[in-house]
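Enquirer: Mind having a look at this structure? Questions to follow.
Nothing in this text is a laboratory measurement; each read-out follows from the coordinates by a stated rule. What you are looking at is a predicted structure, and each value in this text was computed from that prediction instead of being measured. FYI the Cβ positions are ideal-geometry reconstructions off the backbone, even for glycines, and counts take in every protein chain you see.
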Amino acid sequence: MSTPPSPSPTRWFKALRRTRLNDSFKASPVIQAEQVNRARAAFQAGRTLKESFRQAQLEALLRMLVDHECDFVDALNRDLHKPRFETVVSELILVKNEAHYAINNLKKWMEPQRVERNLATSLDECMVVSEPLGVVLVVGAWCSPVQLCLVPLVGAMAAGNCVIINPSDTSFHTAELLHRLIPSYLDNECFHVLLASANDLPEVVDLRFDHIFFTGSNADGTRVAQAAARTLTPVSLVLGGKNPCYVDQHCDIITAARRITWARFQNAGQSLVAPDYVLCHVEVKARLLQAIRCSLLQFYGSDPRESRSFGRMVNMENFIRVRDMLGKSGNTAVGGQVNEVEKYIAPTVLTEVVETDPIMQQEIFGPILPVLTVNSVDEAISFIRRREKPLCVYVYSSNNKIVSRLMEETSSGSFCSNDSILQSLMAVLPFGGVGASGMGSYHGRASFDTFSHRKSCLLRSTRIECVTYLRYPPYEERNLSLMAWASTLSHKSHGWCQIL
């Protein structure tokens, strides 16, 4: 069923260039600067400050998703051959949940947070006020081109910012759709879609934003962070990484296989949060492989190429990269078929993989699951800890002590036991990377905080000079003792409440 790969991919790269944003679609530097200036003027005019404005924009975003569900399904199908089910569940519903959560909690988030006072400030108001940062840039990734643009947008919008969205030109049809729809639903002065390629991002960053939220590769994220450092612009980076999945000998193998198979092969493996490799206890390797085979047959049939539930590589570049890794790593236990014309790579499981194989040196971003064996949980933890910190760590075990050890003895952006990906879909859980997998977090309240400056405020009068005079020269030991006593949060330390 497979078609031999062409010896020369040149014609495919030419086709790739034709499908990218052409000159008439991509915004020129002048237009980019104009968009940022308009957003800056709108923010400085206070357009986004009122709760009613933020609520109205969030509700408009929801209407856009409802009104154009079919358009989003079509665009993602054309970009990634993404099934409607996956688009609705992992893209549209996720954004809707974030927007509803922000709408329902916005009033509470915007309220000043009162803080504890000491004796010296007992008559003052001490609070933390969340104020919007200004104009923020959201750079989305092609693997989930709707939710990776719009979920950060929800947080930035709720926090009262003006936002410039830069969708990935790799998912061309989705980028074009966002470019067309957002001006029809959101405020045209405050929210803009900027069309620039990954190579143009350093120049875009030089336009001066108040925050940059980037999702994408480590290499592109590094370039964005370096460019942002020139103007001391804060950044949030979601960079992915090789997410490990430990399968213990004490677990429900059939359920584990189904959940791992779904997480690894949805969207043809092109996911930041999918398990990137399995560390399988040697005692259950054969059973796990058989269970994965059965799951693949149940999910996609005997020929996944004919399945309407299985996607394709986003472009020829990614197809060639993943195909080449496939031919240089381990042994193919399941799948392995490719079709260059369709950019198709079958759901594939590799065994006999070693740590030095090419497929273990970079994030796969394709429908390949390497399975490595370990003899104990200690060996699994050691394997994970000697690599860069991943975006996610997964463990399947019925032993709570094993789960706790993985959670406590490894470091990752997020953690999930006995399932995969779900922790990244919940608005109530902050999501982001650590170390090489990124910095900062978002979703729900975490998004609001990411796009806000938490300003410390002390409001006092001049009526207590009878106390504050103690700080003035000439300094005396008696005054120092009184000042130290009055300035201490004593109910947690010295108990001044009892002294009083």
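Enquirer: Skipping prolines and chain starts, which residues have an amide H placed within reach, meaning under 5 Å, of the one on Tyr277, given they are 5 or more residues away or on another chain?
Expert: Those qualifying (amide H under 5 Å, at least 5 residues apart or on another chain) are Asn243, Cys245.
Enquirer: Sticking with this one: Would you kindly derive the ³J(HN,Hα) couplings of the stretch 439-452 from the backbone phi angles with the Karplus curve 6.51 cos²θ - 1.76 cosθ + 1.60 (θ = phi - 60°), listing them in order in whole Hz, with x for Gly and Pro?
Expert: 8, x, 9, 8, 5, x, 4, 4, 5, 4, 5, 4, 9, 10
Enquirer: Considering the options Ser376, Ile253, Asn318, tell which one lies farthest towards the positive end of the dipole of the chain, charges being +1 on Lys and Arg and -1 on Asp and Glu at the Cβ, about the Cα centre.
Expert: Asn318
Enquirer: While we're looking at this one, here's another question. Would the stretch 263-360 count as rounded, prolate or oblate if I go by the C-alpha gyration tensor, calling it rounded below 1.5 in a/c and otherwise prolate when a/b exceeds b/c, oblate otherwise?
Expert: Since a/c reaches 1.5 but b/c is at least a/b, the shape of the stretch 263-360 is classed as oblate.
Enquirer: Taking the DSSP beta bridges in the chain as the whole, what percent of them are antiparallel, to the nearest 5?
Expert: Roughly 35 percent of the DSSP beta bridges within the chain come out antiparallel.
Enquirer: Taking Lys328 as the anchor, which aspartates and glutamates have their alpha carbon closer than 16 Å to its alpha carbon, excluding any fewer than eight residues away along the same chain?
Expert: Glu352, Glu355, Asp357, Glu363
Enquirer: Next question, about the same structure. Distance between Cα centroids, the stretch 148-217 to the stretch 79-142: provide it in whole Å.
Expert: About 17 Å separates the Cα centre of the stretch 148-217 from the one of the stretch 79-142.
Enquirer: Related question: May I ask you to sort Phe265, Phe72 by Cβ crowding, counting other Cβ atoms within 10 Å and putting the fewest first?
Expert: The order, fewest Cβ neighbours first, is Phe72, Phe265.
Enquirer: Apply the Karplus parameterisation 6.51 cos²θ - 1.76 cosθ + 1.60, with θ equal to phi minus 60°, to every residue of the stretch 186-202 and state each ³J(HN,Hα) to the nearest whole Hz, in sequence, with x for glycine and proline.
Expert: The phi angles translate into 9, 4, 6, 8, 9, 10, 9, 10, 9, 9, 9, 7, 4, 5, 8, 4, x Hz.
Enquirer: Name the long-range amide H neighbours of Val393: under 5 Å, sequence gap of 5 or more, or other chain; modelled H, no Pro or chain starts.
Expert: Ser414, Phe415, Cys416
Enquirer: What are the ³J(HN,Hα) couplings of the stretch 266-283, residue after residue, when phi is run through the Karplus curve with 6.51, -1.76, 1.60 and θ = phi - 60°? Round to Hz, x for glycine and proline.
Expert: 5, 6, 6, x, 8, 8, 5, 10, 5, x, 8, 7, 10, 9, 9, 4, 4, 5
Enquirer: Charges at C-beta only: +1 for Lys and Arg, -1 for Asp and Glu. How large is the resulting dipole of the stretch 244-428 about its Cα centre, in Debye rounded to 20?
Expert: Result for the stretch 244-428 is approximately 260 debye, rounded to the nearest 20.
Enquirer: Calculated FRET efficiency, Asp303 and Val115, Cβ-Cβ r, R0 60 Å, to nearest 0.05?
Expert: Computed FRET efficiency for Asp303 and Val115 comes out at 0.45.
Enquirer: How many percent of DSSP beta bridges within the stretch 244-428 run antiparallel, rounded to 5?
Expert: Numbers: 5 of 23 bridges.
Among the beta bridges of the stretch 244-428, antiparallel pairing accounts for roughly 20 percent.
Enquirer: Could you tell me the ratio Rg/Rh of the chain? Both radii from Cα atoms, Rh via Kirkwood.
Expert: 1.05
Enquirer: Can I ask one more? Among 300-311, 406-417, how do they line up from the highest to the lowest mean number of other beta-carbon atoms within 10 Å? Intermediate values should be presented prior to the final figure.
Expert: On the way: 300-311: 16.0, 406-417: 19.2.
With the highest mean Cβ count within 10 Å placed first, the list reads 406-417, 300-311.
Enquirer: Taking only DSSP H segments of four or more residues, each worth -39500 (n - 2.57), what value at 222 nm results for the chain once the sum is divided by all its residues, to the nearest 500 deg cm²/dmol?
Expert: -12500 deg cm²/dmol
Enquirer: I've got another one for you. With unit charges on the beta carbons (Lys and Arg positive, Asp and Glu negative) and the dipole taken about the Cα centre of the chain, which residue among Val154, Pro183, Gln270 sits farthest to the positive side?
Expert: Checked the options; the winner is Pro183.
Enquirer: Show me the three semi-axes of the equivalent ellipsoid for the stretch 244-428, from the C-alpha gyration tensor (sqrt of 5 times each eigenvalue), largest first, rounded to whole Å.
Expert: So the three semi-axes of the stretch 244-428 are 25, 17, 16 Å.
Enquirer: Once both labels are modelled 7 Å past Cα along the beta-carbon direction, what's the Ala333-Thr231 spacing in nm?
Expert: With each label point 7 Å from Cα toward Cβ, the separation is 5.0 nm.
Enquirer: Which distance in Å, rounded to a whole number, links the C-alpha centroids of the stretch 309-361 and the stretch 374-422?
Expert: So the two Cα centres are separated by 25 Å.
Enquirer: So who's got an amide H within less than 5 Å of the one on Phe365, skipping anything under 5 residues away but keeping other chains? H placed 1.01 Å off N, in plane.
Expert: Hits under the 5 Å cutoff: Ser271.
Enquirer: Which entries in the list Lys50/Lys455; Lys96/Lys389; Lys50/Lys108; Lys82/Lys389 go over 21 Å, if you measure between the two C-alpha atoms of each?
Expert: Pairs exceeding the cut-off: Lys96/Lys389; Lys82/Lys389.
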